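Down below is the structure, laid out as structure tokens.
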Amino acid sequence: MFLAYFLQTGQEYFNVANLYKEVFMKVGIPKGLLYENYQPFFHTFFEELGAELIVSPDTNKDILDKGVKYCVDEACLPVKVFHGHVASIKDKCDLIVIPRIMQLRKREFICPKFCGLPEMVISSIPEMPDTTLEPIYAASNEKLFQWAKVTGKQVTNNRSRIQKAFEAAVENQANHKMGFDDRDTKLKVALSGHPYNIYDNYLNMNLIRKLKKLGVGVVTEEFIDDEIKDRETSKLYKKPFWSFARNNYAFTSHAASKGIVNGIIYISSFACGIDSVVIDLVQHNIGDFPLLVLKIDEHTGEAGLDTRIEAFVDMLERRSS
Amino acid sequence: MKITFPHMGNVYFAAKALFDDLGVEYVIPPLTSKGSLEIGSLHSGEEICLPFKIMIGNYMQAIEQGADTVLITGSCGPCRFGEYCELQMNLLNNLGHNLDFIVIDSPGDIGVKELIRRLGKISTGSEYNRLQKFKALLNAVKVVNLIDEVEAKARYLAGFEANRGQCKKILIECKQEAIKCNSGKSMIEILNHYLDKLNQVPIDQRKEPIKIAIIGEIYTVIEPFSNLYIEDKLMDYGISTKRMLTPSWWLKNLVLSPMNMNQLDIKKKSKEYLPMMIGGHARECIGEAVLAYEEGFDGAIQIFPMGCMPEIVSKAILPKISKDKDFPIMTLVVDEMTGEAGYVTRIEAFVDLLERRKDNVLSRC
Ligand code: SF4
Ligand code: SF4
């Protein structure tokens with residue numbers, strides 16, 4: 001079988017190192033930060049390249065503890081948790097994917113911690129395997145391909161294979177749908193915040209399940225389109241330069257002014273510089289529309305959180321009846 | 001129109017020279033103090049960074065003295081600073097102050113035309129012609145370069161001076177005299193005079209002082225109040241300090257960056273540890289740490305405000321540099337709760353460590 005493989009792929013593979021790389025490469029994918037958002041892209045890309053994927057488990061206590069142990073104190077919880085995910089799989093793989101996401105839309109930025117993520121992790125966690133380092137500019141497919149070209153090389157030397165893997169990855173990503181849209185529930189809230197705070201159920205202590213249990217529907221940012229976002233953010237003196245800020249500001253503004261929901265829950269983490277600004281902007285914009293800001297870190301107690309959610313829901317019920 | 005602006009180290013000298021020469025009315029906010037910070041914190045969001053709060057304090061104190069227009073620079077790359085003006089405008093409007101903001105932003109975001117229009121707004125109160133306005137600007141740039149030079153020289157020589165405390169005295173006197181001037185030209189003269197004076201300070205050749213580089217977030221390293229006057233303290237211990245980030249550096253960087261000619265050495269030095277521009281001045285911080293080591297400094301102190309995103313990344317990387325190069329680096333995180341006592345203890349302990357290391361090296365050879 002190996003022989004056939006040789007003949008088929010041609011000369012490049014007479015190099016033993018390459019063969020090893022191709023057949024046995026184990027690529028680790030940490031389930032932290034924007035993993036949920038770009039899961040199909042990364043999975044497809046590396047699978048198509050022929051790598052074996054090692055995906056870290058859902059966030060759990062052990063991962064959180066590891067993250068807190070390795071990461072700088074001052075960092076926010078999501079970044080600490082990301083460190084934990086890396087630490088949990090680092091000994092099992094040859095290459096770890098640390099997405100250095102620089103840009104998602106033109107002339108917008110994302111958090112500095114994303115831009116320096118590989119360096120943070122490499123400097124903080126001992127005995128790291130190789131990692132991906134290439135920056136990701138996802139404003140267009142051409143720019144994104146730059147990442148694929150460089151990163152693909154870490155796995156295979158076969159260029160056409162990289163090209164194909166990239167195309168498949170982009171296609172799968174395009175079909176990826178996220179978000180909640182319970183607009184037809186009687187009582188519902190707009191759930192706003194960074195995707196990892198919304199989708200990581202360990203981080204947010206099962207917030208969504210808690211809300212559903214209380215009979216509250218959840219609506220997330222995904223259901224409003226770009227046009228509405230542009231319209232909403234044009235009210236600002238300066239156009240926001242973080243993609244996150246744009247999404248959350250526009251979403252909450254739209255949800256509140258159109259009365260799509262009964263209230264807004266903004267889930268955030270302590271020491272998040274971006275949220276500190278966005279929450280201020282949101283508050284200023286929506287006036288006295290009900291807003292609950294939940295801030296979490298590794299010390300947040302679940303009981304306290306529950307009480308606050310229940311009190312908020314009670315208030316919404318009273319207002320709507 | 002009465003213009004004011006937030007404090008940032010020696011910027012107020014240049015601003016005074018500029019507005020004097022333009023003949024526009026202005027208010028220099030009282031030097032940043034505990035009072036400014038208290039007012040600022042009272043009105044700002046709790047988790048917003050320290051520079052924001054202090055700036056609000058500056059505005060409020062300037063408003064009390066009749067200011068009605070605020071000059072502020074906008075974007076500085078992917079960091080909160082770029083969003084400051086929006087929040088600050090909201091905040092001050094909510095408090096019922098009807099302020100005009102002149103936001104100087106990068107031409108890439110607002111277009112060259114708009115930039116020129118906004119710059120023009122500053123000098124609307126001025127009766128002078130274009131040439132004079134241009135000269136005023138030129139003088140202001142000279143002032144900021146000179147005052148930064150005086151300051152840097154005094155801080156560095158402090159370790160070598162034969163008479164303890166002389167440099168500090170000259171520096172204090174220089175600032176007192178300079179701020180009394182009523183035109184850019186006279187201020188430049190004064191600054192040159194003091195620069196000469198510093199050049200004549202008697203030096204003790206046998207001295208081998210401890211040398212420390214001050215690195216970190218640009219506002220907190222430049223604005224002395226926000227770092228609890230660390231440079232003055234080190235000066236008193238007879239330590240030479242160097243700091244690359246200054247208002248004049250910032251200006252030069254701004255002018256050169258569109259041509260990509262800025263800080264070639266910093267880019268080179270930081271490459272191994274942080275090859276990207278990530279926002280704020282994290283890359284500078286890393287590059288300066290490496291540079292300080294190569295220039296034979298004894299250690300570096302990183303300062304940043306609580307929650308500062310880019311500097312948290314640097315903080316994660318610095319220990320690696322420290323280990324690779326056997327170069328001590330200490331981090332000080334400042335916020336409005338920073339207590340003076342604990343802070344001083346940490347600085348002293350660090351200085352002790354550097355002294356011990358130095359003695360060891362000396363006795364070994
Ligand atoms: S955006 Fe906020 S929560 Fe996300 S990584 Fe940056 S600081 Fe942390
Ligand atoms: S660099 Fe730090 S202090 Fe400056 S705006 Fe950004 S987070 Fe705030």
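Structural remarks
- With kT/(6 pi eta Rh) evaluated at 10 °C and eta = 1.306 mPa s, and Rh the Kirkwood radius from Cα pairs, segment A:188-320 diffuses with a coefficient of 106 µm²/s according to Stokes-Einstein.
- The residues of the protein assembly as shown present an accessible area of 44 Å² per residue when probed at 1.4 Å with all protein chains retained.
- Sequentially through segment A:37-52, phi angles give Karplus couplings (6.51, -1.76, 1.60; θ = phi - 60°) of 5, 10, 3, x, 4, 5, 4, 4, 4, 6, 5, 5, 7, x, 7, 8 Hz, Gly and Pro residues having no value and appearing as x.
- Relative contact order of segment B:3-126, pairs being alpha-carbon contacts under 8 Å that are 6 or more residues apart, as %: 26 percent
- Straight-distance crosslink candidates among aspartates and glutamates, where the alpha carbon sits under 14 Å from residue A:106 and sequence neighbours closer than 8 are dropped: A:142, A:226, A:230, B:109
- Entry note, chain A: relative contact order of 17 percent, from Cα contacts under 8 Å with a spacing of 6+ residues.
- Percent RCO, i.e. relative contact order, over segment A:188-320, from Cα pairs under 8 Å lying at least 6 residues apart: 29 percent
- Enclosed volume per residue, in Å³, of the convex hull spanned by Cα atoms of the protein assembly as shown: 186 Å³
- Segment B:209-365, accessible surface, carbon-and-sulfur percent (1.4 angstrom probe): 56 percent
- C-alpha long axis of helix A:159-174 to longest principal axis of chain A, angle in °: 20 degrees
- Of the cross-linked pairs A:26/A:61; A:149/B:325; B:2/B:168; B:211/B:268; A:149/B:323, those separated by over 27 Å at the C-alpha level are A:149/B:325; B:2/B:168; A:149/B:323.
- Environment charge at residue B:66 (Cβ cut-off 15 Å; Lys +1, Arg +1, Asp -1, Glu -1): -3
- Accessible-area loss of 30 Å² or more (1.4 Å probe, protein heavy atoms, chain alone versus all protein chains) is found in segment A:121-138 for A:123.
- In segment B:301-318, burial by the other protein chains removes 20 Å² or more of accessible area from B:307, B:309, B:312, B:313, B:315, B:316, B:317, compared with the chain on its own (1.4 Å probe, ligands and nucleic acids ignored).
- Delta accessible area of at least 30 Å² on complex formation, residues of segment A:262-300, 1.4 Å probe, chain isolated as reference: A:271, A:273, A:276, A:277, A:280, A:281, A:284
- Taking a straight line from the alpha carbon of residue A:213, these lysines sit under 23 Å away, with near neighbours fewer than eight places off in the same chain left out: A:186, A:188, A:295.
- Taking other residues whose beta carbon is less than 12 angstrom from the beta carbon of residue A:216, and scoring Lys, Arg as +1 and Asp, Glu as -1, yields +2.
- Interface of A with B. Using a 1.4 Å probe and counting protein heavy atoms only, the two chains hide about 3200 Å² of accessible surface, both sides summed.
- Shape analysis of chain B yields a ratio of the Cα radius of gyration to the Kirkwood radius, Rg/Rh, of 0.96.
- Helix-only mean residue ellipticity at 222 nm for the protein assembly as shown, each DSSP H run of n ≥ 4 adding -39500 (n - 2.57), per residue, nearest 500: -17000 deg cm²/dmol
- Remark: segment B:127-132, residue by residue, has Karplus-estimated 3J(HN,Hα) of 9, 7, 7, 4, 4, 5 Hz, where x stands for each Gly or Pro and the curve is 6.51 cos²θ - 1.76 cosθ + 1.60 at θ = phi - 60°.
- Accessible area of segment B:3-126 belonging to carbon and sulfur atoms, whole % at 1.4 Å probe: 56 percent
- Peptide A:107-113, shielding by other chains (average Cβ, 10 Å cutoff): 6
- The region of chain B that goes longest without hitting one of the trypsin sites (Lys or Arg not before Pro) in a DSSP loop, each with at most 13 other Cβ atoms within 10 Å, is B:1-163.
- Test item: A:65-73 mean partner chain Cβ contacts at 10 Å: 2
- Here the gap between residue B:340 and residue B:43, fully extended at 0.36 nm per residue and compared with their Cα-Cα distance, gives a gain of 104.6 nm.
- Helix B:50-64 and the longest principal axis of the Cα set of chain B meet at an angle near 40°.
- If you take all other residues with their beta carbon under 15 Å from the beta carbon of residue A:292, and give Lys and Arg +1 and Asp and Glu -1, the sum is 0.
- Top positive-direction residue, dipole computed over the protein assembly as shown with Cβ charges, set B:73, B:90, A:117: B:73
- Helix B:11-22 and the longest principal axis of the C-alpha atoms of chain B enclose an angle of approximately 30°.
- With at most 15 neighbouring Cβ atoms within 10 Å, loop chymotrypsin sites (Phe, Trp or Tyr not before Pro) (DSSP) excluded, longest segment of chain A: A:1-201
The values are calculated or read from the model by the stated rules, or taken from the named source; none is laboratory data. Please read these numbers as outputs of a predicted model, since none were measured by experiment. We place every Cβ from the backbone using ideal geometry, glycine too, and count neighbours over all the protein chains shown. Areas reflect the complete protein model, heavy atoms only, side chains present, ligands, DNA and RNA absent. Shrake-Rupley method; radii C 1.70, N 1.55, O 1.52, S 1.80 Å.
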